[in-house]
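To keep things clear, I will list the structure first and then write my remarks on it.
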Amino acid sequence: MDRGRTRANRNFLRRAVRFCQEQGVDQFLDLGSGIPTVGNVHEVARAGNPAARVAYVDNEPVTVASCAALLAGDPLSTITAEDMRDPGAVLAAPGVRDLLDLARPVALLTVAVLHFVPDADDPAGIVARYRDRLAPGSLHVLSHATGDHDPERASLGAGTYRSTANPITLRPRAVVEGMFGGRELVAPGLVDATEWRPDDVVGPEHTGSWAGVARV
Ligand SMILES: C[S@@+](CC[C@H](N)C(=O)[O-])C[C@H]1O[C@@H](n2cnc3c(N)ncnc32)[C@H](O)[C@@H]1O
C-alpha cells in the first residue's frame, strides 16, 4: 500500500471503530490487525468505553511480537498468532474464545487484509464463516484494495507485494461488496475509504480502497 492509502485506511478504521462503539458494540475481533500504531483499535474503542475488549489476530511473527509487547499487562486486549483463513482455529484460540462473548454483538474488523487472501482461498466464504458465528447486532467492518479508480497506480502498488509472501489481489467493487454476503450496509454504503463518514475535509483523490460497514 502506498502511504496515502495506508493513512486513509487507518483513518477509516478509527472512524469505523468509533461508529461500532457508538452503536453499543464493545467487543472487537480484528483480523490481520497489523503492527499497532497511533490510534489503534483498543485505544479508540476505550476512549468511548473503558471496558471495551479487543482480540487482535495476525499471522506475521514480528507483528505479533510487537503487538504482544504493547499489550503486556492489558487484561482486555489479546493478540493471537493465527491465520485468519482458518475461522475455526481463530475462534477457538484462547485469546479470542476467552476474551470475547460471542453471544453478544461483536465488531468483526477485516480492514486491509482480505486483499492478501487469494481467490483460491475464497475470501468471501471465509468472512461468511466468521459472520455466521456472530450474534445479532454485530457489525462487519471491511476495507479492500481495488484498481477501480486508478488501475495503473493500484497495479504499481500491488506490484511491490508481488514477489513477497503476501501478494495482493485487487478486486472490483462488486466482488468486494459480495464479501458482505448481502448484509445491510450502513450509510454511506461501500465507498472510497476517505468518503466513509469523514470527520475531516475529503480530498479529491481516491485512495484505491473500498470501505464499508454492514449489520450482521
Ligand atoms: C496492511 S496490514 C493492515 C493492518 C490493519 N488491519 C490496518 O488496517 O491498519 C495487513 C495485515 O494483515 C496480516 N495478514 C495478512 N494475511 C493474513 C492472514 N492470512 N491471517 C492473519 N493475518 C494476515 C499481515 O501480517 C498484516 O499485519
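The values are calculated or read from the model by the stated rules, or taken from the named source; none is laboratory data. Please read these numbers as outputs of a predicted model, since none were measured by experiment. Positions of Cβ are generated from backbone atoms using ideal geometry, with glycine treated the same way; all protein chains shown enter the neighbour counts. Side chains included, ligands, DNA and RNA excluded: accessible areas come from the protein's heavy atoms. Shrake-Rupley method; radii C 1.70, N 1.55, O 1.52, S 1.80 Å.
Which one is most open to solvent (accessible area, probe 1.4 Å) among residues in region 177-209 that are of a type in the set (A, V, I, L, M) and modelled with pLDDT under 85? Restricting to residues being of a type in the set (A, V, I, L, M) and modelled with pLDDT under 85, the top hit is 201. Please count how many residues of region 21-33 are outside any helix (DSSP H, G or I) and either open to solvent by 30 Å² or more (accessible area, probe 1.4 Å) or under 14 Å from residue 106 (Cα atoms) (or both). Residues in region 21-33 being outside any helix (DSSP H, G or I) and either open to solvent by 30 Å² or more (accessible area, probe 1.4 Å) or under 14 Å from residue 106 (Cα atoms) (or both): 9 in total.
Count of region 90-112 residues, restricted to those that are more than 16 Å from the ligand (Cβ to nearest atom) and more than 11 Å from residue 130 (Cβ to Cβ), is 9. For region 49-65, a tally of residues being within 10 Å of the ligand (Cβ to nearest atom) and either of a type in the set (Phe, Trp, Tyr) or in a helix (DSSP H, G or I) (or both) returns 5.
Look through 150, 121 and report the one residue that is within 28 Å of residue 184 (Cα to Cα), open to solvent by 20 Å² or more (accessible area, probe 1.4 Å), within 10 Å of the ligand (Cβ to nearest atom) and of a type in the set (D, E, K, R).
Details: 150 fails: within 10 Å of the ligand (Cβ to nearest atom).
From the options 150, 121, the qualifying one is 121.
Collect the residues in region 66-82 that are assigned to a helix (DSSP H, G or I) and either within 12 Å of residue 31 (Cα to Cα) or more than 12 Å from the ligand (Cβ to nearest atom) (or both), keeping them in residue-number order. Answer for region 66-82, where residues must be assigned to a helix (DSSP H, G or I) and either within 12 Å of residue 31 (Cα to Cα) or more than 12 Å from the ligand (Cβ to nearest atom) (or both): 68, 69, 70, 71.
Consider residue 36 carefully, then state whether it is loosely packed, with under 14 Cβ neighbours inside 10 Å and either touching an Asp or Glu at 6+ places or on another chain (Cβ under 8 Å) or in a loop (DSSP other than H, G, I, E, B) (or both).
On the way: loosely packed, with under 14 Cβ neighbours inside 10 Å: no; either touching an Asp or Glu at 6+ places or on another chain (Cβ under 8 Å) or in a loop (DSSP other than H, G, I, E, B) (or both): yes.
Judged against the criteria, residue 36 is not a match.
Exactly one residue out of 81, 112, 145 is on the phi > 0 side of the Ramachandran plot and crowded, with 16+ Cβ neighbours inside 10 Å: that is 112.
Kindly indicate which of 46, 85 is within 12 Å of the ligand (Cβ to nearest atom), basic (Lys, Arg) and either under 24 Å from residue 193 (Cβ atoms) or touching a His at 6+ places or on another chain (Cβ under 7 Å) (or both).
On the way: 46 fails: within 12 Å of the ligand (Cβ to nearest atom).
Going through 46, 85 in turn, just one is within 12 Å of the ligand (Cβ to nearest atom), basic (Lys, Arg) and either under 24 Å from residue 193 (Cβ atoms) or touching a His at 6+ places or on another chain (Cβ under 7 Å) (or both): 85.
All conditions but one from (1) crowded, with 16+ Cβ neighbours inside 10 Å; (2) within 27 Å of residue 83 (Cα to Cα); (3) of a type outside the set (S, T, N, Q); (4) modelled with pLDDT of 95 or more apply to residue 173; the one that does not is (1). Contact map, region 5-28: first residue farther than 21 Å from residue 99 by Cα, second residue more than 16 Å from the ligand (Cβ to nearest atom), Cβ cut-off under 6 Å, separation 6 or more or different chains; pairs are 15/197. Residues that are under 13 Å from residue 30 (Cα atoms) and part of a strand (DSSP E or B) were ranked within region 124-147; the one that is nearest to the ligand (Cβ to nearest atom) is 143.
Going by what's in this entry, would residue 18 be described as near the ligand (Cβ under 10 Å from one of its atoms) and open to solvent by 30 Å² or more (accessible area, probe 1.4 Å)? Give the derivation first.
Working: near the ligand (Cβ under 10 Å from one of its atoms): no; open to solvent by 30 Å² or more (accessible area, probe 1.4 Å): yes.
In short, no.
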